[in-house]
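Participant: Next up is a structure, given as structure tokens.
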Amino acid sequence: MAETQNRTLLTMAEVAELTSLSQSTVRRLVKAGILPAPIRLGPTGRSIRFKLSDIQQYLNNI
């Protein structure tokens, strides 16, 4: 987790770890609009990352 603090984009697994939620729950909360939507990367948009600042803001508001 110390490595996570030096990065601005997080993977789904890292978000799940930071929030103590499963990856499927993270997906469900994004779909419901509770968690901020991830950024799609690459030409196909299949790779996603979450902004660390968005996740920190979510955690501060719960």
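Participant: Let me check I've understood the local charge: for Gly33, count other residues with C-beta under 14 angstrom from its C-beta, Lys and Arg +1, Asp and Glu -1. What total comes out?
Facilitator: Result for the neighbourhood of Gly33: +2.
Participant: I would also like to ask the following. What value, in deg cm²/dmol to 500, does the helix sum -39500 (n - 2.57) over DSSP H runs of n ≥ 4 give at 222 nm once divided by the residues of the chain?
Facilitator: -12500 deg cm²/dmol
Participant: Another question, if that's okay. How many nm separate the modelled label positions at Ser22 and Arg40, each set 7 Å beyond the Cα in the direction of the Cβ?
Facilitator: Those two pseudo-labels are separated by 2.6 nm.
Participant: Counting other Cβ atoms within 10 Å, which GluC sites (Glu not before Pro) in the chain have at most 16 and lie in a DSSP loop?
Facilitator: Glu3
Participant: Taking the Cα centre of the chain as the origin and placing charges on Cβ (Lys, Arg +1; Asp, Glu -1), which of Leu18, Ile48, Thr8 is farthest toward the positive end of the dipole?
Facilitator: Result: Ile48.
Read-outs throughout are calculated quantities, based only on the coordinates presented, and are distinct from any laboratory measurement. If you're wondering where the values come from, they're calculated on a predicted model, not measured in any experiment. No Cβ is skipped: glycine too gets one built from the backbone with ideal geometry, and neighbour counts run over all protein chains shown.
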